[in-house]
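Enquirer: Would you mind keeping the following structure in view while I ask a few things?
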Amino acid sequence: MTQPTPVMSRDWVALNPLSRVAGLSGVRVDYVGQGDAISILDSDGETVARIDYGGRESRPFSKRPAARRRAEIEMHLPVSAGQRIFLTHWDEDHWCSAVASSRASERARWLAPRQWTSPRAAVASARMTWVRCIPRELEGVALCFQARNGDALWCQKLDRFHAMVSDEDCNVTGLAYSLVQRDTGKVILLPGDAPLHLVPHYARYNSADNPLAGLVASHHGSRTHWGRRSKQFLSQWGADPDVTVVFSCGDPNSLEHPHEDLYRAALPRAQLVRTAEAIPRVIAF
Amino acid sequence: MSDSPLLPYVGPGFPIVQRVLWGYLESVDAISGDTLFGPSGDPLARTEPLIELDRRLRFSCVDAEKFVDAQGRIELIGNRPTRAQRMRRKADLLREFGEASLPVVDVYFRTGRHRSRLFRTRLSRWFRLAVDEGAAPTDDVVVVVGDPAGDGEDTIARLELLTIAGWAEERLRNVFSLAHVADVGRDDDPEGEPPITPFDPPPKGSVLVVDAKSARLETIEQSQALAAQDAWASELISPRKVPRQRIVIRR
């Protein structure tokens, strides 16, 4: 069934990072210390969009002077004019490389969840020349950006923004993503800091139809929100030796990241890698 | 300074402090390992008194005096701002806070040991932080203050963590929000955002498919997997069912 949706057609088409892309080949997970910065790769291995743009802890880039920090970020995480950067949520370790006067702030097109924000996140968002939020009526709806060959980037805001509720765990109300290769059904999961079992559109993936190429571990491999249902969801691919799990975390880091044991229990044959071990880390279809 | 670095409201006997911040609780984390990282990203040796501490609260702050001074020049706007209001808000944020110090305060403590009476901290809540920078930490709480965007070093401090006045929180939430950010498809509307639901809410199981030429809502044939999705989605609709981190510090 198809419904006419004139209100959003033009802008969503303009926002689609894959409209001129022949197909997708996977993702590259850049080392940004404690945080996430993921590139969506086309069939030639070129970056066609980014998911998150973080990195401060574990000294991924010089702290000062600001110009040097900015130059290092832009060398490692280049952003072309009009490039889409899709944000999972407004925790600092997912956006903080978008420093003042950077190309990411001034040249990229950002898609972000509407959430409560800290002072520094609000000011950072004001520096972004082009940024939009998911409309309220599409919160919870799975969005599918299609490349020409049908490969897809899926995106979903996990929960509504409650303007009258003052406390919010932005990890579980942000955007979660996945990539699907049309011909093979292979899938790559990019949940941000959200627990896997709380991403509604992930429920449509199953081991029979969707071989799991890999995932970027939720919340940098944190134990937060991990539970029986997360393990149960991943375990359906437990026999598959071709799964790659990337832990995007600093080495060292202040937190208890990653908990590889959680993923080892669910995916005993998977390859587990950390972004700090070697760069870049690619999950390919 | 009071003996306890974390206290609820202490009334008129509030001690003289160097700095009052209003802070938004960004994260509550378990900490481990030999190296910690301060607010600006600099490593922090895990020596005494940090060795015994196992939790970190991280607050993103604004100087209270600076905010009070600036608020008269910032227009408060509602949930459905016009494009002009959004533009003004963006300019206000950059003018008043674009170059200002926005400190980050880390509070390290030990779970189950704290003496503060019932004091609940929830993510995205606002607090009043009375900071005495340079004061020696106590044995069960260490406070580190820094400015990630600035050139300075992180400093050790003592802190009183207090509830915030309702009027202050209301303004802080209004100003430090995403009110200046339009929803996709709404930025060109000069009269403000259309009604919250400009078209019928998408039916359950629907997806917005965007290709090179069109964006259309499609309803995918209901399957067992999608039925499960619906169950999860309905669970998510209720905010009370969403797991949240909560730390209770007892005195």
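The values are calculated or read from the model by the stated rules, or taken from the named source; none is laboratory data. Everything numeric in this text was worked out from a predicted model, so none of it was measured. All Cβ positions, even for glycine, are placed from backbone atoms using ideal geometry, and neighbour counts span all protein chains on display.
Enquirer: Residues that are over 15 Å from the mean Cα position of the chain (by Cα), within 9 Å of another protein chain (Cβ to nearest Cβ) and of a type outside the set (Ser, Thr, Tyr): list the helices (runs of 4 or more DSSP H) wholly contained in the stretch A:54-167 that include at least 2 such residues.
Expert: Once the helices (runs of 4 or more DSSP H) in the stretch A:54-167 are filtered for at least 2 residues that are over 15 Å from the mean Cα position of the chain (by Cα), within 9 Å of another protein chain (Cβ to nearest Cβ) and of a type outside the set (Ser, Thr, Tyr), what remains is A:119-127.
Enquirer: Could you tell me whether residue A:269 is assigned to a loop (DSSP other than H, G, I, E, B), farther than 28 Å from residue B:109 by Cβ and among the basic types (Lys, Arg)?
Expert: yes
Enquirer: Scan B:172, B:159 and give me the residue that is touching a strand residue (DSSP E or B) at 6+ places or on another chain (Cβ under 6 Å), modelled with pLDDT of 85 or more, over 30 Å from residue A:136 (Cα atoms) and not polar (S, T, N, Q).
Expert: One residue alone meets the criteria, B:159.
Enquirer: Considering every residue within the stretch B:19-31, establish whether at least one is at pLDDT below 90 and polar (S, T, N, Q).
Expert: No - not one qualifying residue is present in the stretch B:19-31.
Enquirer: Quick check on this structure: which one of A:48, A:21, A:13, A:32 is assigned to a loop (DSSP other than H, G, I, E, B) and more than 22 Å from residue A:218 (Cβ to Cβ)?
Expert: A:21
Enquirer: Filter the stretch A:21-53 down to residues that are within 13 Å of another protein chain (Cβ to nearest Cβ) and within 13 Å of the chain's Cα centre (by Cα) and give me whichever is farthest from residue A:185 (Cα to Cα).
Expert: Per the criteria, the residue is A:35.
Enquirer: Additional query: Which of the residues that make up the stretch A:35-84 are touching a helix residue (DSSP H, G or I) at 6+ places or on another chain (Cβ under 7 Å), hydrophobic (A, V, I, L, M, F, W, C) and closer than 24 Å to residue B:37 by Cβ?
Expert: Result: A:61, single match.
Enquirer: From the residues in the stretch A:255-272 that are surrounded by fewer than 19 Cβ atoms within 10 Å (Cβ to Cβ) and touching a strand residue (DSSP E or B) at 6+ places or on another chain (Cβ under 8 Å), which one is modelled with the lowest pLDDT?
Expert: A:256
Enquirer: Condition (residue is more than 18 Å from residue A:154 (Cβ to Cβ), modelled with pLDDT of 90 or more and away from chain B (no Cβ under 11 Å)) applied to the stretch A:3-20: is it met by at least one residue?
Expert: No, because not a single residue in the stretch A:3-20 is more than 18 Å from residue A:154 (Cβ to Cβ), modelled with pLDDT of 90 or more and away from chain B (no Cβ under 11 Å).
Enquirer: Can you confirm whether residue B:68 is within 9 Å of chain A (Cβ to nearest Cβ) and touching a helix residue (DSSP H, G or I) at 6+ places or on another chain (Cβ under 9 Å)?
Expert: It is false that residue B:68 is within 9 Å of chain A (Cβ to nearest Cβ) and touching a helix residue (DSSP H, G or I) at 6+ places or on another chain (Cβ under 9 Å).
Enquirer: Follow-up. With the requirement that a residue be of a type in the set (Gly, Ala, Ser) and away from chain A (no Cβ under 13 Å), what does the stretch B:71-104 give you?
Expert: B:72, B:84, listed by residue number.
Enquirer: When the residues of the stretch A:93-102 are filtered to those that are closer than 24 Å to residue A:134 by Cβ and touching a helix residue (DSSP H, G or I) at 6+ places or on another chain (Cβ under 7 Å), which remaining residue is surrounded by the fewest Cβ atoms within 10 Å (Cβ to Cβ)?
Expert: The extreme case among them is A:102.
Enquirer: Now for a different question. Considering each residue of the stretch A:100-138, count those that are within 21 Å of residue A:220 (Cβ to Cβ) and of a type outside the set (S, T, N, Q), and give that number.
Expert: So the count comes out to 6.
Enquirer: May I ask you to list the residues in the stretch A:203-221 that are closer than 17 Å to residue A:244 by Cα and either part of a helix (DSSP H, G or I) or within 11 Å of chain B (Cβ to nearest Cβ) (or both)?
Expert: Scanning the stretch A:203-221 gives A:205, A:206, A:210, A:218, A:219, A:220, A:221.
Enquirer: How many of the residues in the stretch A:109-137 are of a type outside the set (Ser, Thr, Tyr) and free of Cβ contacts under 8 Å to residues at least 40 places away in the same chain?
Expert: Summing the residues that are of a type outside the set (Ser, Thr, Tyr) and free of Cβ contacts under 8 Å to residues at least 40 places away in the same chain in the stretch A:109-137 gives 15.
Enquirer: Another question about this same structure. Please count how many residues of the stretch A:168-179 are under 22 Å from residue B:173 (Cα atoms) and more than 9 Å from every other protein chain (Cβ to nearest Cβ).
Expert: 2
Enquirer: Can you tell me which residue among B:122, B:113, B:95, B:117 is surrounded by fewer than 16 Cβ atoms within 10 Å (Cβ to Cβ), modelled with pLDDT of 95 or more and of a type outside the set (A, V, I, L, M)?
Expert: B:95
Enquirer: What is the residue count in the stretch B:153-170 for residues that are over 14 Å from the mean Cα position of the chain (by Cα) and over 19 Å from residue B:107 (Cβ atoms)?
Expert: 4
Enquirer: Which numbered condition trips up residue B:131, out of (1) within 13 Å of chain A (Cβ to nearest Cβ); (2) at pLDDT 85 or above?
Expert: Of (1) within 13 Å of chain A (Cβ to nearest Cβ); (2) at pLDDT 85 or above, only one is false for residue B:131: (1).
Enquirer: Only one of A:11, A:30 is over 16 Å from residue A:175 (Cα atoms) and out of contact with any Leu (no Cβ under 8 Å at 6 or more places or on another chain). Can you tell me which?
Expert: Testing whether each residue is over 16 Å from residue A:175 (Cα atoms) and out of contact with any Leu (no Cβ under 8 Å at 6 or more places or on another chain) leaves just A:11.
Enquirer: Would you please name the residue that is nearest to residue B:38 (Cα to Cα), looking only at residues in the stretch B:59-86 that are part of a helix (DSSP H, G or I) and in contact with a Phe, Trp or Tyr (Cβ under 7 Å, 6 or more places away or on another chain)?
Expert: B:64
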